Amino acid sequence: MKNYALPVAVGLVLGGLVHLTTTLAMPRLALADAFTRLERLGPANTVVLVPNPTPFAATLPRMDPAFATAVCRYDLSNGAVRVRVPITPDYTSVSFYARHGLAYYAINDRAAGRRAIDLQLMTPSQRAALPEDEEITAADRLIVESPSMEGIVFIRAFVRERGVMDTVRARLAESICSPVS
């Protein structure tokens, strides 16, 4: 029995390390990740409506057909990006993801408390370079710091009834995701 204990323990430890390494490396090695799939829909720093999922096809896995979805692939290499999303009647949320899927910020229409969710997206170094303006307070300008130069902004709006899907999608199409001038 003692002869088998060491090889079994070494095998379990080695198997655990291989499993952990594979699990952590997979998001960076995947060829068809969310960023790559969304790249096909349109250019960076523009809002693009994601096609509604069907039983046979979806742009991204696990998309909820009760939500209208728009995305903006952002690129902060040329400066900050302004994101402005009009509020829809039922529920609107905006989520921010880094290039490899790290979710780092989310806001919904209830938290925004306005007619639109309006913010600026920038890197920490871009934020540090902003001039200090005493007249502009944190309540006037919402700034989100991105941990990466590229990423995805997901805009989702709940559609209570299927008949208003086109109206909600038209409202999402009014969203802005463009470089700050």
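So the values come out like this:
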read-out: Within segment 76-181, helices (runs of 4 or more DSSP H) holding 3 or more residues that are surrounded by 16 or more Cβ atoms within 10 Å (Cβ to Cβ) and out of contact with any Ser or Thr (no Cβ under 7 Å at 6 or more places or on another chain); value: 165-173
read-out: Filter result for Arg115 (of a type outside the set (Val, Ile, Thr), farther than 24 Å from Gly163 by Cβ and assigned by TED's automatic domain parsing to the domain that holds Ala157); value: no
read-out: Verdict on Met122 being over 18 Å from Arg82 (Cα atoms) and not basic (Lys, Arg); value: no
read-out: Test result for Ala9, surrounded by 10 or more Cβ atoms within 10 Å (Cβ to Cβ), out of contact with any strand residue (DSSP E or B) (no Cβ under 6 Å at 6 or more places or on another chain) and modelled with pLDDT under 80; value: no
read-out: Asn3 touching a residue at least 24 places away in the same chain (Cβ under 8 Å), of a type outside the set (A, V, I, L, M) and either exposed (fewer than 15 other Cβ atoms within 10 Å of the Cβ) or assigned to a loop (DSSP other than H, G, I, E, B) (or both); value: no
read-out: Any hit, segment 67-74, residues being touching a strand residue (DSSP E or B) at 6+ places or on another chain (Cβ under 9 Å) and either over 30 Å from Arg127 (Cα atoms) or outside the structural domain of Leu121 (by TED's automatic domain parsing) (or both); value: yes
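The values are calculated or read from the model by the stated rules, or taken from the named source; none is laboratory data. Not measured: the values here are computed from a predicted model. Neighbour counts run over all protein chains shown; Cβ positions are idealised from the backbone, glycine included.
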